[in-house]
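Some notes on the structure that comes next.
The values are calculated or read from the model by the stated rules, or taken from the named source; none is laboratory data. Because the structure is predicted, anything quoted here is derived from the model rather than measured. As a convention, Cβ positions derive from the backbone with ideal geometry for all residues, glycine included, and neighbour counts pool all protein chains shown.
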Amino acid sequence: MPVILLLSAALLAGTPANAEVCAVGRVALADLLAPTPGDPPLDPKSPNGPILIARSRDPSAPTLFDVCPNLAKLVPPPWRLVNEMEIKSSLINGRDTPPPSTWIEPPKVSADGRHASVNFGAGGLFPRIEHRNYRRRGHHWRAEGEAVTDIVT
């Protein structure tokens, strides 16, 4: 079964539409993981760093990192990239309560290939769901405005 999933992810990554998904995903990932001004820097050697969860709203759909496996290399330490199923099925660092987590879904690119939106969020004490719009300018994708919070629970 894993072979089929890897093969289908490889085939998806080769399509022109998924090339755009990966291009937007690269920019969105950099935006998401950028340090927040005023926050203390993360220790890259920390074994208990924050978690980045690869997820999709539809559990049977591929995640951003299934479609664009090269983006996993852009997740800097001490961030740890895990699959959503790992969070649900096992303990992280031997704890019932996982460390702070952030998640990102694959971008949704418009039919004309010029606009995209990305859903992401954070778990923890005050979980939230946000989205951010992106626009292609020439050969580059740029965020349009700030992220919009959809839900805070």
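Annotations
- Within the range 13-57, the residues that satisfy the criterion of being modelled with pLDDT under 80, assigned to a helix (DSSP H, G or I) and closer than 18 Å to Ser110 by Cβ are Pro16, Ala17.
- Within the range 101-121, the set of residues being of a type in the set (D, E, K, R) and under 9 Å from the mean Cα position of the chain (by Cα) comprises Glu105 only.
- Ala116 among the hydrophobic types (A, V, I, L, M, F, W, C) and at pLDDT below 95: no
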